[in-house]
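So the structure is just underneath, and the comments pick up after that.
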């Protein structure tokens, strides 16, 4: 059984297309990795499928609010458990987070199950991060990216360097 990677995002279709058409897609066909993309909007409780709100406690901009992310992560945890796998390691990706390094890549590659939450807008409601994150704020750069949806981090994080199934990921080919 290969590594399972779940991606929680507002853009699962775009995400899955990239994963299916890449080196990761070939690794998946060979059973080295299993990817699942989850739509955060599917877990909202309002009829508008709204996922953003003003930050809890005030502040500028909009953030992804806690409830749909928490419910989506709980659903992923159930799916993983039903497969008989250990609980996933949950990582929140943010544009302004800690710089992602090769050391992060090697460490994350050791997990059998990895769940990546892609941020959007000005970030993610801190309450869900505090409640469910094993790690937070990984970013491919040390500066704020123009693209504030966490997707750039995801593409870099899941880049395979070889086809042996070894889960080695690198920073933009370095």
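The values are calculated or read from the model by the stated rules, or taken from the named source; none is laboratory data. Just so it is clear, the structure is predicted and the values come from calculations on it, not from any experiment. Positions of Cβ are backbone-derived with ideal geometry, glycine not excepted, and every protein chain shown enters the neighbour counts.
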### Summary
By my count, strands (runs of 3 or more DSSP E) wholly in the stretch 78-174 with at least 2 residues that are more than 24 Å from residue 26 (Cα to Cα), under 16 Å from the mean Cα position of the chain (by Cα) and modelled with pLDDT under 85 are 89-99, 135-139
### Message
For the stretch 22-31, which positions are over 16 Å from the mean Cα position of the chain (by Cα) and surrounded by 14 or more Cβ atoms within 10 Å (Cβ to Cβ)?
### Response
22, 23, 25, 26, 27, 28
### Task
Would you mind finding the one in 34, 13 that is surrounded by 14 or more Cβ atoms within 10 Å (Cβ to Cβ) and in contact with a strand residue (DSSP E or B) (Cβ under 8 Å, 6 or more places away or on another chain)?
34
### Message
Which numbered condition in (1) closer than 21 Å to residue 92 by Cβ; (2) touching a residue at least 24 places away in the same chain (Cβ under 8 Å) is the only one that residue 27 fails?
### Response
(1)
### Summary
All conditions in (1) surrounded by 14 or more Cβ atoms within 10 Å (Cβ to Cβ); (2) over 17 Å from residue 6 (Cα atoms) are true of residue 39 except (2)
### Message
Step by step: first the residues of the stretch 57-111, then only those that are touching a residue at least 60 places away in the same chain (Cβ under 8 Å) and in contact with a helix residue (DSSP H, G or I) (Cβ under 6 Å, 6 or more places away or on another chain), then the one that is surrounded by the most Cβ atoms within 10 Å (Cβ to Cβ). Which residue is that?
### Response
93
